[in-house]
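A short worksheet on the structure shown next.
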Amino acid sequence: MSSSKIRNGDEVMVVSGKDRGRRGTVTRVLANDKVVVEGINMVKKHVRPDPNAGIQGGIEEREMPLHVSNVMLYNPQTEKGERVGFKWLGEGEDRRKVRVFKSSGEVVDA
C-alpha cells in the first residue's frame, strides 16, 4: 500500500499554473514527485515519423506531468481542494494508516 498523499484515481484540483482552478483525475504518479492529470497541462508535441514503429508523425497533444505541490486533493463536500494528512485507525492487527482531510478530519480512503 502506497502512503503518498496523491494516488492514482484521485480527483485533484490544480492550485497554480496555467490550469489553475481546473479539476481532473490522476492517471499516473511518477517517482520524482510528479503526477499526470487527465486533460490538464496539455501541450502540443512535435513527433517525428517512424515507419518501423508505425508512428505517423506530426503535431500531437499530450498531458505533461505537474509537480505534486501544484495540485490538491478535491473534497466533494466542501467543493474545494484541501490538504491531506495521515491518521492511524484501529487497534492491534486491524490497525491501518489512512488519509484524512486536514480541515475536517474526514477519512479520504473508504
Worksheet item: Where does the chain land on Rg/Rh, using Cα atoms and the Kirkwood Rh?
Response: 1.12
Discussion item. What are the ³J(HN,Hα) couplings of the stretch 53-59, residue after residue, when phi is run through the Karplus curve with 6.51, -1.76, 1.60 and θ = phi - 60°? Round to Hz, x for glycine and proline.
Written reply: 9, x, 8, 6, x, x, 10
Practice prompt. Please work out the average accessible area per residue across the chain, using the 1.4 Å probe convention, and give it in Å².
Written response: 70 Å²
Discussion item. Out of the total accessible area of the stretch 8-83 (probe 1.4 Å, heavy atoms of protein only), what percent is carbon and sulfur?
Written reply: 46 percent
Worksheet entry | Residue with peak Gaussian network fluctuation, the chain [Cα springs, cutoff 10 Å], from L30, L73, L89 | L89
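The values are calculated or read from the model by the stated rules, or taken from the named source; none is laboratory data. The structure presented is a predicted model; accordingly, all values stated were derived computationally and were not measured. All accessible areas refer to the heavy atoms of the entire protein, side chains included, with ligands and DNA or RNA removed. Shrake-Rupley method; radii C 1.70, N 1.55, O 1.52, S 1.80 Å.
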